[in-house]
Amino acid sequence: MTLEQIRALLPLIILVGAAVAIMLGLAVRRNHAFTVAVAVGSLAAAILSLALGPTVATPITPLLRLDGFSVFFSGLILAASLFVAVLSHGYWNRRRTVISEEFYILLLLAAAGSVTLTMAVHFASFFLGLEILSGSLYAMIAYERDRQAAVEAGIKYLVLAGGSSAVLLFGMALVYARTGTLDMAAAAAKLAGALDVLTLAGVAMILVGIGFKLALAPFHLWAADVYEGAPAPTAAYAATVSKGAIFALLVRLAAAMDIQSNPPFQATLAAAAVITMFAGNLLALRQSNLKRLLAYSSIAHMGYLLVAFLAAGTLGRTAVGFYLAAYIITTLGVFAVMIVLSGTERDADRLEDYIGLSRAHPLLAAVFAGMLLSLAGLPLTAGFVGKFYLLAAGVGAHLWVLVAALVISSTISLFYYLRFIAAAYAQPAAPPALPAAVAMPRLARLAIAVLVILLLWLGVYPAAVIRAIQEAVAIGR
Amino acid sequence: MTTVPMMHAMIVAAILLGLGLTGLLVRRNIMFTLLSIEIMLNGAGLAFIAAAAHWKQADGQVMYLFIITMAAVEVAVGLALVLQMYHHLRTLDLDAASSMKG
Amino acid sequence: MPGLLADGVELWPLALYFVAVVVLAGGILGLSYVLGERHRERATGMPYESGMIPTGSARVRMPVEFYLVALFFVIFDLEAVFIFGWAISARQLGWAGYVEVVIFIAVLVSALVYLWRQGALDWGTARRAGADRDRSGRRHGDE
Amino acid sequence: MAGFVALVAGRALSKRLVAWIGVGSVAASMVVTLLVAAGYFAHRPPNGVYSQTLWTWIRIGDFAPVIGLHLDALSLVMIVVVTVVAFLIHLFSSTHMENEEGYGRFFAYMNLFVSSMLILVLADNLLLLYLGWEGVGLCSYLLIGFWYRIPANGHAAMKAFIITRVGDAAMAVGLFLIFWSLGTLDISQISQRAPQQWPAGCGLAVAAAALLLGGAVGKSAQLPLQTWLPDAMAGPSPVSALIHAATMVTAGVYLIARMNALFALAPVVQGVIVVIGAATMLLAAFSALAQHDIKRVLAYSTISQIGYMFMALGIGAWGAAILHFASHAFFKALLFLAAGVVIQRLGDEHDMFRMGGLRKQLPLVFWTFLAGALSLSAALPILTAGSYSKDTILTLLHAVPGGKTALAAGLLGVIVTSIYTFRMVFLTFFGPAKMQAERTNRLPESIPLVLLALVAAFGGVAGLAGQNANWPGLVQFVQGGSSVAPAAGEAAISHVALGAIAASWLGLAIAAALYLRRRPAPAGETESALHRLLAAGWGFDALYDRLFVRPWLWIARVNRSDIVDSFYEAIGQATVALHGMMSGSQTGRTRQYATGVALGTILFIALMVLLRFWHS
């Protein structure tokens, strides 16, 4: 391993090293603030190491590859993890009955798994990254083991994810049996052109495995229950980092295997995209639990992303990159508000918790409304520009059915987002269900401010970001 | 010594996967659910071993090592969750864990 | 179609081993079945507890530590697989491989240290209770 | 010019301060606008356009819409009208809304609305225009639902937002179509490229124009997306005046006027516009006849008047449409504000049948309302703004070939307009007093009323005088020397205008006959009252009965239940039902989820295998 490769691998080394360090630190003495500091610091250091890392595409062993593509998505993932870590601090501080420090070990490991996914060019690293991520997620979901809902969510996710992993692995094995290589590009080269039925089934099973983690319909059933049961920071993590990493992997896999230009895959995924968009939005329609709503809305957003994904090409990939960034920022924003409002007993996930928010916390209510509007795709927010790109990509690739489905289903989506915004600006009939929220931690305040700035920046002046993404995904071939 | 054709091994692997899946769908006891997942994973593992033998490579066997490691992780977390679930629900019936829906 | 097992690998020792296991296990069970005495009395079905009459249910709830240790065993046992994997090709891998496996073992050791310090390895001693107290009281140091 | 954008409201604390900031910022923007207008006239740019690029917004390939402002005659007229009317309404609101809670919120939304509207009008590309478009939609939602404690208002707000979204979705697709085939969203570039690349009447041009029309129809509450506007009257009166009369609903008109080059390429769509305009105009006018709520009458009247604008747009006379927009903005704002005063003074009474005799109690409101009504009904020849602009449209309809049917519809519309207008006037202000009005005069309320009334009443004179003085009339000013020369219609103006005036007086007479003397009881339905009147000898001959009253009753009856509306209800219910079905799949049982995953997997594989053989 050359020095250059170690430099390229630095983000992963930092993350894993920090996880071990925290573990050892806990063996000596528990201290929440210190743990958070180490976690946040290591995430920041990992981002820095990405920024200062090699500027040319560097293969790190046959398994991983650092290029513009992985730098962009890793950066996104690490930044999102950073936000979740910062927000978790206040959250767990309020849950005094829960031992919180191990959460950050899991979070760092999950981030390491996600970064691995963005760099993976080999089925082995794909599988390892995925499992490190989901293994950590199991524990993060059921972290509050004294709460029945959390345990239930953990079990559901564990059972279903385990099963889907088996299917994914079997698909890989089928492809491997046919091609004799686990390298994505090499396998694709061997398959070039005709696919026999078994290999086709193999790729289909891999797509099922990925589709499950992205909660595409018809593999979406788990999402709402898991988000509802999980503590809010975990739900935020699962909705942003995990989805982002897996989508990045999907894009890379598809680029290698040319999935979009293969009619069977293209048509099947297009069908899945349409069902996903409608399923997500319809399920969310009258949902009055914010976590479930966000789960459904994230299902729908993954459907939107599939449109740009299927459009392929540089424009399609740019759209995916930008939309993912916008989606992550906005979803984190909504979760940030939820986390800040969550009390000592339960998360602020009910519609009632938001009634009259504008009275108690006008600024927070404005942030909340802004984030939801961005999810709905209204102008001047990141979500609008993102959706614009998705549509542009879809129209450019002549995917008319998908574009129509996107437009119609996102019209539905407006209804449920507005419902929560209306609640936030309504008059409380009864005293708030949650005690007037504790003073916001300064760090959380800063995090929310940064998210708002990002939201508006991407919404008003996205040109610079888009140029960066274009460059990143251009190298990513 | 005779050798086993890869296709036969793949069929056995597929049967294992199917058996595991069936178990996952029909058994209510969560211990059996976890067992079923193990069976599915081992089906996938067997497929890797068979393919590796076919191509005379070590890659597939390494994948199998990864798979059993992952299976162990799954079992470790899974059993911990089963204990907690029993603690809360006093049953091992997976269908009983359905307080969240809608 | 090429075979599942690579040519040139001697299979007969494995087969012999398999046969030997079956013969031994079958032999022990079979012989005791053939040669052993048979009783059909009142106490035959009872668990043998050194002549005492058993009390309570046989379905004793195992202490949680029992499962914990079992889990630790499974996990650490599996990690050993990777060390075996390294051991097989240690010479080929050279110093780089050595460094890597040392890091690997170091991570495992730190996990062990963590478990030990958390009191996960203490079985029914006062230390664990102490750890619990430590945990509930530790918050005062924060913030 | 960039100053306009910065006029988003400050959320201030004290009420007084809020009022000052709210009104002040709009006043400032009005002053700036007027200065800009003066500057425009002083130094007319050679091509009639000022444009200013602020920054590049998005870049997709070679497509880079910039955030830029574009000022030409059309947008100039729009911003002048918008800011002046908005200022007067703000001034009015400063006392009218005094006792409402959420005073600051109200002004914040209103200012946000005005700035969105300005962005919409000044945008130099369709994307920025779309931004303003969505912005006004959002503000409209917020303001309709201003009294959020009443659930019906929330519902109305939601309905308005969602129905206009249907139009917006069509418009968004239209934008993409344009961008995809023309490679630009810059308005002036589109106007240049479209005629070069698209032959007149070609499929793409028609599709693009039709999709944009969809957006315009949604925003301007034309058939079949008109149902949200009457419900939108749930908001405070100044909101109705500003958004649902003067500005937002005319955004559709503006869009079509702005994209006239594109629409000129699609004669089919233009025909459709005329038909939509005429149908909406008549339907809404008849609907207005059947209403009890004074604000709903005005709402239907707005829909109907925009129908006139659409008819003008359909024949390519967008200058006339903008002219009517301008006069409509003034007199409709006036009517809404006056109605707002009436409603408030009577203690939140909306039912006209419970009003009466207010002529003596609220003389100022009466006279100003009358000015607005005269303008709306185009009863006084030439004098009033409304009659001037409406006559212009009718004259132009007369001038185009095949415009006779439209002209007939327009004249019929004038009759009906006149009926419902004076029905409203008579019911509200004449007859015996039924309720005691609170008599207070507040200066900030009176000033806008008087000013608007003056414009409404004498706008026509100003226009005509200007025309005679060889000053470029508004129509020419906006449209330039474009396709339909208004001069061509000059000869015909006399008899068409006379016809319109006659129609108007006929309507007035009918209204007087029906409502001035014998007033139906408040509880009695209009129909039964009408039948009684007919039986009592007030009826006209059988022909009239068959031609007019029957259809009227029929339309009135149908519109009570609002067929189009129930269509949307049905869509809504279907969506909810689907939601219920989907929700049922979320059983919470892991094994069923696993079954879902398993079935999905099998489906995935099967579909792919099938498709593979299909393709090979």
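All of (1) more than 26 Å from A:PHE322 (Cα to Cα); (2) touching a residue at least 60 places away in the same chain (Cβ under 8 Å) hold for A:ALA365 with one exception: (1).
Based on this model, can you work out whether A:PHE278 counts as crowded, with 24+ Cβ neighbours inside 10 Å, in a helix (DSSP H, G or I) and within 14 Å of another protein chain (Cβ to nearest Cβ)? It is false that A:PHE278 is crowded, with 24+ Cβ neighbours inside 10 Å, in a helix (DSSP H, G or I) and within 14 Å of another protein chain (Cβ to nearest Cβ). Note on region A:1-34: residues that are at the interface with chain C (Cβ under 10 Å from one of its Cβ atoms) and farther than 21 Å from A:SER114 by Cα amount to 12.
Against the numbered list (1) surrounded by 21 or more Cβ atoms within 10 Å (Cβ to Cβ); (2) not in a helix (DSSP H, G or I), A:LEU372 comes up short only at (2).
Out of (1) buried (at least 24 other Cβ atoms within 10 Å of the Cβ); (2) of a type in the set (D, E, K, R); (3) under 21 Å from A:PHE69 (Cα atoms), the odd one out for A:ASP258 is which? Condition (1) is where A:ASP258 drops out. Do we find a residue being part of a helix (DSSP H, G or I), at pLDDT below 90 and not charged (D, E, K, R) anywhere in region B:90-101? Yes. Can you confirm whether region A:24-34 contains a residue that is buried (at least 22 other Cβ atoms within 10 Å of the Cβ) and over 21 Å from the mean Cα position of the chain (by Cα)? No, the conditions are met nowhere in region A:24-34. With respect to the stated conditions, A:LEU216 fails to be assigned to a helix (DSSP H, G or I) and either more than 20 Å from A:PRO62 (Cα to Cα) or not basic (Lys, Arg) (or both).
Would you check if A:VAL159 is touching a helix residue (DSSP H, G or I) at 6+ places or on another chain (Cβ under 6 Å) and aliphatic (A, V, I, L, M)? So A:VAL159 fits the description; yes.
For region C:35-68, the tally of residues that are surrounded by fewer than 14 Cβ atoms within 10 Å (Cβ to Cβ), under 18 Å from B:VAL82 (Cα atoms) and either within 12 Å of chain B (Cβ to nearest Cβ) or modelled with pLDDT of 75 or more (or both) stands at 5.
Listed here are the residues, each with its yes/no results for (1) in a helix (DSSP H, G or I); (2) of a type in the set (Gly, Ala, Ser).
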position: A:MET23; (1), (2): yes, no
position: A:ALA44; (1), (2): yes, yes
position: A:VAL56; (1), (2): no, no
position: A:PHE69; (1), (2): yes, no
position: A:SER88; (1), (2): yes, yes
position: A:PHE103; (1), (2): yes, no
position: A:VAL115; (1), (2): yes, no
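Being within 14 Å of chain D (Cβ to nearest Cβ), at pLDDT 90 or above and under 14 Å from A:ALA166 (Cβ atoms) is a condition met by no residue of region B:60-67.
Away from chain B (no Cβ under 14 Å) and either free of Cβ contacts under 8 Å to residues at least 60 places away in the same chain or surrounded by fewer than 24 Cβ atoms within 10 Å (Cβ to Cβ) (or both): is that true of A:PHE83 in this structure? Criteria not met by A:PHE83. Exactly one condition in (1) within 7 Å of another protein chain (Cβ to nearest Cβ); (2) closer than 27 Å to A:ARG292 by Cβ is not met by B:VAL82; state its number. In the conditions (1) within 7 Å of another protein chain (Cβ to nearest Cβ); (2) closer than 27 Å to A:ARG292 by Cβ, B:VAL82 misses (1) alone. Is there a residue in region A:61-71 that is crowded, with 17+ Cβ neighbours inside 10 Å, free of Cβ contacts under 8 Å to residues at least 40 places away in the same chain and not polar (S, T, N, Q)? Looking for residues that are crowded, with 17+ Cβ neighbours inside 10 Å, free of Cβ contacts under 8 Å to residues at least 40 places away in the same chain and not polar (S, T, N, Q), one finds none in region A:61-71, hence no. Of the residues making up region D:570-600, those that are crowded, with 19+ Cβ neighbours inside 10 Å and more than 9 Å from chain B (Cβ to nearest Cβ) number 6.
The values are calculated or read from the model by the stated rules, or taken from the named source; none is laboratory data. These numbers come from a predicted model, not from an experiment. Because the Cβ atoms are built from the backbone with ideal geometry, glycine has one as well, and the counts that use them run over all protein chains shown.
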